[in-house]
Each structure stands twice: as structure tokens, then as C-alpha cells.
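The values are calculated or read from the model by the stated rules, or taken from the named source; none is laboratory data. None of the values given here were measured: they were computed from a predicted structure. Because the Cβ atoms are built from the backbone with ideal geometry, glycine has one as well, and the counts that use them run over all protein chains shown. For accessibility, only protein heavy atoms count, side chains too; no ligands or nucleic acids. Shrake-Rupley method; radii C 1.70, N 1.55, O 1.52, S 1.80 Å.
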Amino acid sequence: MIFQLIKKQLLLLLRNPIQLLMLLVLPIILIVILSTALSGFMQGDNPQLTIKIAWLEQQDETSQVDEFLENMNELGVPSEVFPDKDALHMITTLREDVFLSEELSSMIELHQIDESEKESILEEAAYSAIIEVPEDFTLELLEAIALEENVVPQLELYVNQEQQIGAEVVESIIHNFNEGLVMNQFMEESGLPISYEELYNNEVTGEIQHIEQRTPISSQMYYTIGMAVMNALYVASTLGFFVYREKEIHVFDRLIVADMSRWKFFFSVLISAAVVSFIQLLFIFGFSWLVFKITWPSMISFFTITFSLALAVGGTTVLLTAISYRINTEEIIGFFSGIIVSIFAFLGGSFFPIGELSPLIQQIGNMTPNGASLSAYIQVLQGAPLKEIAPYLIVLICFTFLSILLAVVSYPKRGSK
């Protein structure tokens, strides 16, 4: 008898092609859209940033360095005190070794300009900043350092407020360069046996060992799982609506009059929802295998999670059916479909990995059937053994039994309306 009831539920779904398409085709459409649109977000790609900088140098730096050395010689400081003459070319260092360095070459375009071009570039939106080096800047800076003067010259920096990110990057680079000069001077005055450059360029010796290596998850993998576990919950509301319609057309009452146990009827609802959910999940993951070439390292773990999630969906269907029968309205099913599923999907990470933002949200999300399933599926794809996903399976099993228990309490008594 139970088999006949299950067959009846499946035939009702097959005779509603729109509902069937919603359960099978809609998840696939969402997977394709989200995995394509948010692929860069999932893989941690950074947007390509191009910063155009105009460099205006009012005076040649070499002549200023020569003048500084002459001034020091007149003060009785021999040239041997400054053995590395190239190190005194600070503006050249900032331009060549920082802004034009290999690390920043893919991001920064530096254009040297003349004074006559300054006004036109200030009005040009393409440039993020103009760096102007005033006359005698290097000379005054070297003298301030050598003579320990408090007043030091300043670079002129013009930033484009419409390119806030680029402007902030330029300001940060100049700020860090200035900190390096101050730190280097402090080390020399303190007599430390290492320079600032050696401190930050020194390679760390030793060996880095990774305790655990896990396969990274692509956007196709993530959203295949996320949409699959979310849309599995819609099986509960879809079959719940079908079962409530049977109450409205007195199919349930006729079964009771025919002396069939109500428990057999609701058990058939549980099995029917679990079967439909299981088939739906296999269909979605089969599509991902054909199109995205997503394969599972452990089929045993995959089927265990899928079966556990299908049972959780079956338990949810029975609970929704029992409550709707008890209060004699299908509004609870609509509330679950429109509100509860969306909340579960958000907390469970179906739309994006929100758990990475907050450990508390991640813990709450893992207590939902879709969140626990998503975490378990991802860990299996990353190579985790079955014992590591056991906590998520326990959540699914407990959710199933709790739903069934609440359904038993909510079932209408014989003769109640």
C-alpha cells in the first residue's frame, strides 16, 4: 500500500511539468549564471588596476648631489664618509627602484613630464597623481639628514579624487618610502650592524612545510553544490503543496475512512520526498560532471551525503505537511518556500561563503541541512575522508529525526479537521 502511495506522489509531480522544470532546470540555470559571474570572487582574483602617474622633476639630481658633497667638504667632512654616491640619489631611487620596480610595473605607468605639461595633465582624468620634485629637493634633504635639521623639504603631490584607489596607492608608496629613510637613518645613528635594506631584503632560511594540502574549490564546484542543496529544500515545499491539495479534495479523508493508518500515508510522503530529492541531486551533479567535469574523489562519501540530505528533505516535507494539516492552511508551506529557504540559503552559504566573514555565522549555517551538506560536499571535493565529514552527517540525521518527531506531535488526531 505504501508503495502505491509513493507511486501516486511521483506521478503527481510528473504530471506537473512546470514544477518539475523548476526543480531540475532552475538550479542548473542558477549554477551557470553564478559560477560565471562570480568566478573571480571565488578564486580570489584581484581586479587589474592601472595607475598613471606624472613625474615632474624641476632640477637634475646629480648636480644637487655634487653640490652637497662640495658643501660637506667645505665643512671639513671628507668625501670618504659617503662611499656610496648612488645611495645619495634618493629621488632616483624612489623613481627607478620603487615606482618602476618589477613588482609594480604591471600596475603603474610612470610618465616623466615637463613644467609646460603640468596644467593640462591636472585637468586630465586619466592620471591618478602628479609627483612634483621641487628645486634643490635632494640637496635640502641630504643637508637636513647630515646636519640633523628638523625642517625637511616636501614633495608636491597632486592626486585625482576621482581615482581614489590609485591616489591612495601612490600616497601609501611615498609614505612607506619616507618611513624607510627614517628607519635607515635611525639604524645608522644607533650603530646597528645592519642596514634597513638588508633587514627587509634578507631571505628567511629554513623550510616551510604545509600541514595539510586541500584542493582549491572553483566557482563551478561551489555554486553547483550551493544551488543543489538550496533547491533540494524546494522539494519539501513542492510536495507539501501537493499533499495539502489531497486534503482539500478529501483524498486523505477517504484513506482514513478506508481504515488505512495515517502513519502509512505520512511515511509515504517522507519516502516520496526523499526519492525526489535524491533524484534531483543526482541530476544536478550529473550535469556538473558532464559540463564542468566535476568528479568526486570518494563516491561512497558523495552518496552518503546525498542520501542523508534527501532524508532531511523528506523529514522537512512531513513536518510541513503535518503542520499544514493541523492548522488547516497551506500558508506555512508558502512561508517556508518564500522565507525560510532564503534564510537557510543565506546562512548556509549557498549564495557566497558567508561563513568566512564570521565564525558564528558559519556555525549557525552548519546547523541547517543545506549548510551542513554544502560543507560536507566541499570537504569531500577537497579530499577529506568520510570520518571528517561525520559531524555534518550527524547534523543531517538529527535534523531528520527532529523534523519527524515534531511532525508526529503536530499530526491531526483522528476525526479532527
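Give just the number: which of (1) assigned to a helix (DSSP H, G or I); (2) open to solvent by 80 Å² or more (accessible area, probe 1.4 Å) does Ile121 not satisfy?
Just one mismatch for Ile121, condition (2).
Could you figure out which of (1) among the polar types (S, T, N, Q); (2) modelled with pLDDT of 75 or more; (3) open to solvent by less than 50 Å² (accessible area, probe 1.4 Å) isn't true of Asn184?
(2)
For residues that are more than 20 Å from Gly371 (Cα to Cα) and of a type in the set (A, V, I, L, M, F, W, C), scanning just the range 321-354, find the one that is surrounded by the most Cβ atoms within 10 Å (Cβ to Cβ).
Ala322
Run down Leu386, Leu393, Leu357, Leu405 and say which single residue is at pLDDT 90 or above and open to solvent by 50 Å² or more (accessible area, probe 1.4 Å).
Leu405
Of these, Leu30, Leu24, Leu100, which one is of a type in the set (A, V, I, L, M, F, W, C) and either at pLDDT below 80 or over 30 Å from Phe278 (Cβ atoms) (or both)?
Sole residue among the options that is of a type in the set (A, V, I, L, M, F, W, C) and either at pLDDT below 80 or over 30 Å from Phe278 (Cβ atoms) (or both): Leu100.
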